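Student: My questions all concern the structure below.
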Amino acid sequence: MKRSFVLAGLVLLVALVFGSVATHGFINYDDPDYLAGAHHGIRYAFTSLKPFYWQPLTWLSLMLDVRLFGERAGVMLIENVLLHAISALLLFLTFFTATKNVNRSAAVAAIWAIHPLRVESVAWVAERKDVLSTLFFIAAMLAYVNRRYALVILAFILAVMAKPMALTLPVALLLLDVWPLQRKPTWLDKLPLFAIAAAVVGITFVGQEHALASIPVSVRIANAITAYAAYLRKFFVPTQLAILYPYDYGIAPFVLAISLLILAAITFLVFRNKHRYLGVGWLWYVITIVPVIGIVQVGAQSIADRFLYIPSIGLTFALVWFAADHLAATTAKYAAIAAVAILSLLSIYQTTFWKSSVTVWARAAAAVTNDNPSAEMHLANALEVEGRVDEAMPHYAEAARASHGAPVPLFEAGNAFLRAKRYADAISPLEQALALDPALAKAADWNNLGVAYEHTTDAVKAEKAFTEAIRLDPNLYDARMNYVALLTATNRNDQALAQLAAASRISPTSVEPHVFRALVLANLGRHSEAAEEAEVAQKIDAKAANDQFTSALRLGPSENNLTQFITSMRYSQ
């Protein structure tokens, strides 16, 4: 098989498997953060540690996309496909250059490129960091095989500037020395790489400092051990894949023991074997996944398909070379073709779930995982954005049920019920969330709870909630205005006037505080002061002021009607 045919075939294969992403949209998880960051400048790209770590090359790439094409998910995803295809070409060239075996190198590149575990990295805009980092990681491998050491250093710098996952490159190059280069590993030429890796580790720890103490070390170690075994299953049986696998805080001892036994048995078998590629492939997998194995936990996931992007290279070349050495040539050829065909179909199927936020989270919540509050919450968010509020509500409720003491899903559920005007349903999850972690509560959450109380005619609790919201954030306009409605309803007009004065200072361009003050003052018989407030409102926005005065006058001048008008204008977030 000629190299040119292999190169063209790899590009065509990647395009066929992943080309449908051109019609996909953004995902409501990480994508919003990256799109927001893409509107900043170059200084932000090089100084920001958000989200979680230093990734200036990723930021620059997304910034360029937004400036050239706007926020168009399909264009950004096709760029991911293109970058991934280039990585596949470089991987083929690396192994072909090192081994001179075109067929085996082609099989490695093809299987790696279209494996279903690649879908998450390619079909998700936020994973631009993944495809960029891996591209330059593999480019460094190719440069190393060709003894272009300056290019190795340059490619490595670019790789870690996209994502710190690439910091294991120096160790990967030592493994390449053992196989396929089959020479004595050299350390001196890798010292600059280790120095760069050490610097990246330091920067990354600064960005992830908040995550280090969030989960006990013993739990993280147990999760890491079981993750090694779980990733192996996903590599060999790549089905039931999801965007987010919930973290398991109570791993059963027998599960941990079985995982350890599997890892120990594989380690024993590969190092008893005479073939170097088995030991190198296994160590490649074990070592290159260390940055994301969970000892330093970032995010809510226990494992993630995208984390196998670089580590699966080792498993792939070990498997391909072992099969080729132990099968007849014709059998090995057909086995490779069958593997590529099956994996391609699985990847095409998996890619369909990444079409939108609804489809990707429905897959995770309904078909793949259980008790996954984050998946339920994001699915509910996505359904609500599409206007499918009735469908969203059961998922908010399930997120709250499955949260196991996590307040964020409860806040989300309560606020969603509030947006749907299901005030009685909103109270319980908001109360639970505030009780679980009062420090996490924002003034807006107390304000929303106050609105729910007020609509269920619990004025005492509503007042406590509004005053707490104002205490947490004296500049929260919404809480001030909601408190005004409660005060006028209980005939405490002087206090209402004070809150309206504060609201007008907070938001000088808002008409409502002046309109409400004018109405309250008029109701109290303080007509000259009312006229002054009405004049201020007119100056700010004559049309809005007139519309509101007209609406109030239609109700009549009585105090009950005044209260009804003011109370009708509720503010929640």
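The values are calculated or read from the model by the stated rules, or taken from the named source; none is laboratory data. Note that the structure is a prediction, hence the values are computed from the model and not measured. Positions of Cβ are generated from backbone atoms using ideal geometry, with glycine treated the same way; all protein chains shown enter the neighbour counts. These area figures cover heavy atoms from the full protein model, side chains too; ligands, DNA and RNA do not enter into them. Shrake-Rupley method; radii C 1.70, N 1.55, O 1.52, S 1.80 Å.
Student: When the residues of the stretch 500-540 are filtered to those that are closer than 21 Å to Asp473 by Cβ and open to solvent by 30 Å² or more (accessible area, probe 1.4 Å), which remaining residue is modelled with the lowest pLDDT?
Tutor: Glu512
Student: Inside the stretch 161-261, counting only helices (runs of 4 or more DSSP H) that do not spill past its ends, which hold 1 or more residues that are open to solvent by less than 20 Å² (accessible area, probe 1.4 Å), touching a Ser or Thr at 6+ places or on another chain (Cβ under 7 Å) and polar (S, T, N, Q)?
Tutor: Per the criteria, 217-236.
Student: Take the stretch 418-457 and flag every residue that is over 18 Å from Leu476 (Cβ atoms), open to solvent by 20 Å² or more (accessible area, probe 1.4 Å) and touching a helix residue (DSSP H, G or I) at 6+ places or on another chain (Cβ under 6 Å).
Tutor: Ala420, Tyr423, Asp425, Ile427, Gln432, Leu436, Asp437, His455, Thr456
Student: Can you tell which of Ile342, Ile313, Ile303, Ile287 is open to solvent by 40 Å² or more (accessible area, probe 1.4 Å) and either under 26 Å from the mean Cα position of the chain (by Cα) or under 30 Å from Ile203 (Cα atoms) (or both)?
Tutor: Answer to the check: Ile287.
Student: For the stretch 460-469, what are the residues that are surrounded by 15 or more Cβ atoms within 10 Å (Cβ to Cβ) and hydrophobic (A, V, I, L, M, F, W, C)?
Tutor: Of everything in the stretch 460-469, those that are surrounded by 15 or more Cβ atoms within 10 Å (Cβ to Cβ) and hydrophobic (A, V, I, L, M, F, W, C) turn out to be Ala462, Ala465, Phe466, Ala469.
Student: Right, Glu376: surrounded by fewer than 21 Cβ atoms within 10 Å (Cβ to Cβ), at pLDDT 90 or above and of a type in the set (D, E, K, R) or not?
Tutor: Judged against the criteria, Glu376 is not a match.
Student: Now a separate question. Go through (1) assigned to a helix (DSSP H, G or I); (2) free of Cβ contacts under 8 Å to residues at least 40 places away in the same chain; (3) open to solvent by 30 Å² or more (accessible area, probe 1.4 Å) one by one and return the number of the condition Leu13 breaks.
Tutor: All conditions are met except number (2).
Student: Could you list, in sequence order, the residues of the stretch 29-59 that are within 29 Å of Thr359 (Cα to Cα) and among the aliphatic types (A, V, I, L, M)?
Tutor: Within the stretch 29-59, Leu35, Ala36, Ala38 meet the criteria.
Student: Return yes or no: is Phe18 open to solvent by 20 Å² or more (accessible area, probe 1.4 Å) and of a type in the set (Phe, Trp, Tyr)?
Tutor: The answer is no for Phe18.
Student: Among the residues of the stretch 472-498, how many are open to solvent by less than 30 Å² (accessible area, probe 1.4 Å) and polar (S, T, N, Q)?
Tutor: Total satisfying the criteria: 3.
Student: Would you be able to say whether some residue in the stretch 77-87 is of a type in the set (S, T, N, Q), open to solvent by 10 Å² or more (accessible area, probe 1.4 Å) and at pLDDT 95 or above?
Tutor: No, that holds for no residue.
Student: Something else about it: Would you pick out the residues in the stretch 365-402 that are part of a helix (DSSP H, G or I) and touching a residue at least 60 places away in the same chain (Cβ under 8 Å)?
Tutor: Ala367, Val368, Pro373, Ser374, Ala375, His378, Asn381, Ala382, Val385
Student: Out of the stretch 19-61, which residues are assigned to a helix (DSSP H, G or I), under 27 Å from Ile348 (Cα atoms) and of a type in the set (Gly, Ala, Ser)?
Tutor: Within the stretch 19-61, Gly19, Ser20, Ala22, Ser61 meet the criteria.
Student: Also, I was wondering about something else. Can we say Thr267 is in contact with a Phe, Trp or Tyr (Cβ under 6 Å, 6 or more places away or on another chain) and either assigned to a helix (DSSP H, G or I) or within 29 Å of Ala162 (Cβ to Cβ) (or both)?
Tutor: Judged against the criteria, Thr267 is not a match.
Student: Another question, then. Could you list, in sequence order, the residues of the stretch 282-298 that are assigned to a helix (DSSP H, G or I) and either over 14 Å from Tyr309 (Cα atoms) or without any contact (Cβ under 8 Å) to a residue 12 or more places away in the chain (or both)?
Tutor: Result: Trp282, Leu283.
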